[in-house]
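Notes follow the structure.
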Amino acid sequence: MQQRRIIFKHIDEPGYTNDLACYQRNGGYDVLRKAVARPPAELIDEVKKSGVRGRGGAGFPAGVKWNLVDRKSGKPIYLVVNADESEPGTFKDRYIIHQDPHQLIEGTMIACFANNVKQAYIYIRGEMPEGARILERAIAEARAANLVGPNILGTGYSCEIYVHRGAGAYICGEETGLIESLEGKRANPRIKPPYFPAVLGLYQCPTIVNNVETICHVKHIIDMGGEAFAKIGTPNNTGTRIYCVSGHVQRPGYYEFECGKITLGQLLNDVCGGPRPGRAFKAVIPGGSSSKILRFGETFTLKNKDGSTRTLAVEDIPMDFDTLAACGTMGGSGGVIVMDDTVNMVEALANINAFYAHESCGQCTPCREGSLWMKRITARMVHGAARAEDAALLKSVADQIPGRTICAMGEACAWPTQSYVEKFPEDFGNYYETKKTPRGADCVPLI
Amino acid sequence: MNLKPETLKQIDEVITHYAAKRSATLPLLHLIQEDIGHIPDEAIEWVAAKLELEPINVYEVVTFYPMFKRKPVGRRHIKVCRTLSCALMGSYKVCDTFKKEFGVELDEVTPDGEVTIEFVECLASCGTAPVVMINETLHENVDEQKAVDLANEIKKESGVRSQESEAKP
Ligand SMILES: Cc1cc2nc3c(=O)[nH]c(=O)nc-3n(C[C@H](O)[C@H](O)[C@H](O)COP(=O)(O)O)c2cc1C
Ligand code: SF4
Ligand code: FES
């Protein structure tokens, strides 16, 4: 399987450095130069035509998002690049920031020019101090070269970019939590409606929040044209996508493919080398830790456009947004976490539940209490105190969270429990039967 | 508050990045923590005064974000990733190895003030799991042997005697 590297073209390329000179030797900022000579509305149109969907998790079309921005309010419009990269299993923005920061800055400037933004922020997670320094240095270089700042390239258009560091809270990745954090507060997400960022975002002004990878795609969309971009990938799942594979495969890492042109089986077996020697795959999380888990061996019967049906095994699922959704999970952030037959799913869930209990912001009772209860129940199961009712209790707690919270973290914390309990009844049943951890000698502790 | 002149300069600069002063809360707390190592009460009051806020506005921020520390941590702050991809590759054992090497429990400081070990959530480097951050440096593919090597390096640098024999089970 041949990768198609657009965003990651220069990642790990020998001799490629993250300074402006190297970027410009490779054609850097040529697209920005061309973009600022065009009417901004035309650029938005290209992004719309490209069909590019957000790479941060929700897969919302970027062109549609930009169209929702309130341009009549008279208030300034802000752009915030979401570089929080906090969804477990996701590790792509890190490499763009560290190895090719100018690609992100060029994309940001094009997105700002298209949307008449005068002030942009890159919100980077606190645990990437080196990344923040690299971005700051790159912005300073770009400013000195008149590519960022006042009157860029003599066009009369001015725009500043600042880097803003988070401080270790997952919920800052959620766009309205991020905005609160950028305002200097706790990252408590805001309720929608009315607080859609496109209308009432940063300082109650219209605000665009896009993921790092999405913003980088903007550069390439403007470069090749929206229609050409839309031909990459598959219909409604356009462009390339970076898949981050971790866990029990021979070759974990980041791989960029045309969206939907590779199946999960090809990705894990052909690209990542399959399971470790003597092992078989048991389960896979396809789009970040909050996406519903897939069990190897299960099948999905999906409707075709002409009304007929097709049946897919887990290995056959194309890695796009729509098919993964039709299979009851999601493409999410592109973080693929693989577990082999050494793993007991109660332990894996206990690990994930500890994460969500730690990261709930605490505003909504179902998420705050539910995530804690799910953590406690799975923890007691792992520690030999399982009760007969635990699997049913887990399900009942999880079922009461989605749809009853301010932000999508309610769904994010419930989906793992719902899907693990449903798909691995033998693992969850065993705990009560044996009252002890059925962990093999070659298993590593997960909690 | 005894901040370095360089820190004060950066503080004045960063406040200009925002339309509302309050937005500079996190940047100021980062700068202060980088300078003096943690966020004491005095710093909370100082930041509040600087940004024209009430101390409670700053206090609630300090207590929300895990990276801000109310008490000093060790000069080497070892953050081992706990989350699933790292756990699958052995991070619980890696964390235990560090605890044993330095004879401390999580979030404690060794008596000589050198080391604190924290078990943190996903560091966005899951493809090279398990990962460990020591101060600002990321270490990848850290198995138990590599953890021992890293611990030895720290001990050598800080002149700490091996406390292995006193380690708790
Ligand atoms: C709990 C939670 C965590 C999130 N974390 C991230 C993140 O780390 N990075 C990110 O880009 N988007 C994250 N998102 C999605 C953002 O809210 C938002 O949809 C995204 O940044 C929009 O950019 P996009 O349209 O380019 O994907 C998260 C969402 C939720 C509900
Ligand atoms: S769903 Fe959870 S994280 Fe989101 S606002 Fe409510 S309590 Fe906070
Ligand atoms: S799980 Fe450890 S870096 Fe993501």
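The values are calculated or read from the model by the stated rules, or taken from the named source; none is laboratory data. Everything quoted here is computed from the prediction, not taken from an experiment. Heads up, the Cβs are rebuilt from the backbone with ideal geometry, glycines too, and the neighbour counts pull from every protein chain shown. Heavy atoms of the whole protein, side chains included, go into the accessibility calculation; ligands, DNA and RNA do not. Shrake-Rupley method; radii C 1.70, N 1.55, O 1.52, S 1.80 Å.
Looking for something assigned to a loop (DSSP other than H, G, I, E, B) and either without any contact (Cβ under 8 Å) to a residue 12 or more places away in the chain or within 16 Å of ligand 2 (Cβ to nearest atom) (or both) - is there at least one such residue anywhere in region A:68-76?
So in region A:68-76, the residues assigned to a loop (DSSP other than H, G, I, E, B) come out as A:68-76.
Filter once more, keeping what is either without any contact (Cβ under 8 Å) to a residue 12 or more places away in the chain or within 16 Å of ligand 2 (Cβ to nearest atom) (or both): A:72, A:74.
There is at least one residue in region A:68-76 that is assigned to a loop (DSSP other than H, G, I, E, B) and either without any contact (Cβ under 8 Å) to a residue 12 or more places away in the chain or within 16 Å of ligand 2 (Cβ to nearest atom) (or both).
Residues checked against (1) touching a residue at least 12 places away in the same chain (Cβ under 8 Å); (2) more than 16 Å from ligand 3 (Cβ to nearest atom):
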site	(1), (2)
B:ILE56	no, yes
B:PRO66	yes, no
B:ARG76	yes, yes
B:ARG82	yes, no
B:VAL115	yes, yes
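Considering each residue of region A:80-108, count those that are in contact with a Ser or Thr (Cβ under 8 Å, 6 or more places away or on another chain) and away from every other protein chain (no Cβ under 14 Å), and give that number.
Looking only at that region, the number is 1.
Please determine, by comparing only the residues of region A:174-230 that are among the hydroxyl-bearing types (Ser, Thr, Tyr) and within 16 Å of ligand 2 (Cβ to nearest atom), which one is nearest to the other protein chains (Cβ to nearest Cβ). Break it down stepwise before answering.
Taking region A:174-230 as the starting set, the residues that turn out to be among the hydroxyl-bearing types (Ser, Thr, Tyr) are A:176, A:181, A:195, A:203, A:207, A:214.
Remaining after also requiring within 16 Å of ligand 2 (Cβ to nearest atom): A:176, A:181, A:195.
Numbers: A:THR176: 15, A:SER181: 7, A:TYR195: 17 Å.
Taking the candidates together, the pick is A:SER181.
What are the residues in region A:138-167 that are over 20 Å from B:VAL14 (Cα atoms) and open to solvent by 10 Å² or more (accessible area, probe 1.4 Å), if any? Give the steps one after another, and end with the answer.
Step one: of region A:138-167, the residues over 20 Å from B:VAL14 (Cα atoms) are A:145-147, A:151-157.
Result: A:ALA145, A:ASN146, A:ASN151, A:LEU153, A:GLY154, A:THR155, A:GLY156, A:TYR157.
Suppose we keep only residues that are acidic (Asp, Glu) and either in contact (Cβ under 8 Å) with a residue 60 or more places away in the chain or in a loop (DSSP other than H, G, I, E, B) (or both) within region A:31-60. Which one would you say is farthest from ligand 1 (Cβ to nearest atom)? Explain how you work it out, then say what you get.
From region A:31-60, those acidic (Asp, Glu) are A:42, A:45-46; that's our starting set.
Of the ones still in play, those that are also either in contact (Cβ under 8 Å) with a residue 60 or more places away in the chain or in a loop (DSSP other than H, G, I, E, B) (or both) are A:45-46.
Numbers: A:ASP45: 18, A:GLU46: 16 Å.
Filtering region A:31-60 for residues that are acidic (Asp, Glu) and either in contact (Cβ under 8 Å) with a residue 60 or more places away in the chain or in a loop (DSSP other than H, G, I, E, B) (or both), the one farthest from ligand 1 (Cβ to nearest atom) comes out as A:ASP45.
Considering only residues that are free of Cβ contacts under 8 Å to residues at least 24 places away in the same chain, of a type in the set (D, E, K, R) and within 17 Å of A:GLY184 (Cβ to Cβ), which ones fall in region B:2-47?
B:ASP12, B:GLU13, B:GLU45 - these are the residues of region B:2-47 that are free of Cβ contacts under 8 Å to residues at least 24 places away in the same chain, of a type in the set (D, E, K, R) and within 17 Å of A:GLY184 (Cβ to Cβ).
Go through the residues of region A:179-191 one by one and say whether even a single one is open to solvent by 10 Å² or more (accessible area, probe 1.4 Å), among the acidic types (Asp, Glu) and touching a Ser or Thr at 6+ places or on another chain (Cβ under 9 Å). If you could, list the steps in order and put the result at the bottom.
Going through region A:179-191, the residues open to solvent by 10 Å² or more (accessible area, probe 1.4 Å) turn out to be A:180, A:183, A:185-186, A:188, A:190-191.
Add one more test, that the residue is among the acidic types (Asp, Glu), and what stays is A:180, A:183.
Still in the list and also touching a Ser or Thr at 6+ places or on another chain (Cβ under 9 Å): A:183.
Yes, that holds for at least one residue.
Determine if region B:124-147 includes at least one residue that is open to solvent by 20 Å² or more (accessible area, probe 1.4 Å), over 20 Å from A:TYR95 (Cα atoms) and among the hydrophobic types (A, V, I, L, M, F, W, C).
There is no residue in region B:124-147 that is open to solvent by 20 Å² or more (accessible area, probe 1.4 Å), over 20 Å from A:TYR95 (Cα atoms) and among the hydrophobic types (A, V, I, L, M, F, W, C).
Quick one: which helices (runs of 4 or more DSSP H) lie wholly within region A:344-447 and hold at least 2 residues that are modelled with pLDDT under 95 and open to solvent by 40 Å² or more (accessible area, probe 1.4 Å)? It would help to see each step written out before you state the result.
Numbers: elements: A:345-359, A:365-382, A:390-399, A:409-423, A:425-434.
Output list reads A:425-434.
How many residues, within region B:34-78, are open to solvent by 70 Å² or more (accessible area, probe 1.4 Å), assigned to a loop (DSSP other than H, G, I, E, B) and more than 24 Å from B:VAL109 (Cβ to Cβ)?
2
If you scan region B:105-138, which residues turn out to be in a loop (DSSP other than H, G, I, E, B), at negative phi and more than 14 Å from chain A (Cβ to nearest Cβ)? Break it down into steps so the answer makes sense when it comes.
Initial filter on region B:105-138 (in a loop (DSSP other than H, G, I, E, B)): B:105-114, B:121-125, B:129-131, B:135-136.
Subset that is at negative phi: B:105-106, B:108-112, B:114, B:121-123, B:125, B:129-131, B:136.
Result: B:GLU105, B:GLU108, B:VAL109, B:THR110, B:PRO111, B:ASP112, B:GLU114.
If we keep just the residues of region A:345-374 that are within 16 Å of ligand 1 (Cβ to nearest atom) and away from chain B (no Cβ under 14 Å), which is nearest to A:ASP427 (Cα to Cα)?
Among residues in region A:345-374 that are within 16 Å of ligand 1 (Cβ to nearest atom) and away from chain B (no Cβ under 14 Å), the one nearest to A:ASP427 (Cα to Cα) is A:MET374.
Would you please name the residue that is nearest to ligand 1 (Cβ to nearest atom), looking only at residues in region B:79-104 that are part of a loop (DSSP other than H, G, I, E, B), open to solvent by less than 30 Å² (accessible area, probe 1.4 Å) and closer than 30 Å to A:MET345 by Cα?
Here the answer is B:THR83.
The rows are residues; the columns are (1) part of a helix (DSSP H, G or I); (2) closer than 22 Å to A:GLU85 by Cα; (3) open to solvent by 40 Å² or more (accessible area, probe 1.4 Å); (4) more than 13 Å from chain B (Cβ to nearest Cβ).
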site	(1), (2), (3), (4)
A:CYS244	no, yes, no, no
A:ARG251	no, yes, yes, no
A:TYR254	no, yes, no, no
A:PHE257	no, yes, no, yes
A:GLY260	no, no, no, yes
A:GLY265	yes, no, no, yes
A:ASP270	yes, no, yes, yes
A:GLY278	no, no, yes, yes
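Given the criteria of a type in the set (Ser, Thr, Tyr) and more than 30 Å from A:PHE355 (Cβ to Cβ), does A:SER86 qualify?
On the way: of a type in the set (Ser, Thr, Tyr): yes; more than 30 Å from A:PHE355 (Cβ to Cβ): no.
Answer is no for this residue.
Okay, residues lined up against (1) at pLDDT below 95; (2) within 15 Å of ligand 1 (Cβ to nearest atom); (3) not in a helix (DSSP H, G or I):
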| site | (1), (2), (3) |
| --- | --- |
| A:GLU87 | no, yes, yes |
| A:ARG94 | no, yes, no |
| A:TYR121 | no, yes, yes |
| A:ARG133 | no, no, no |
| A:ALA138 | no, no, no |
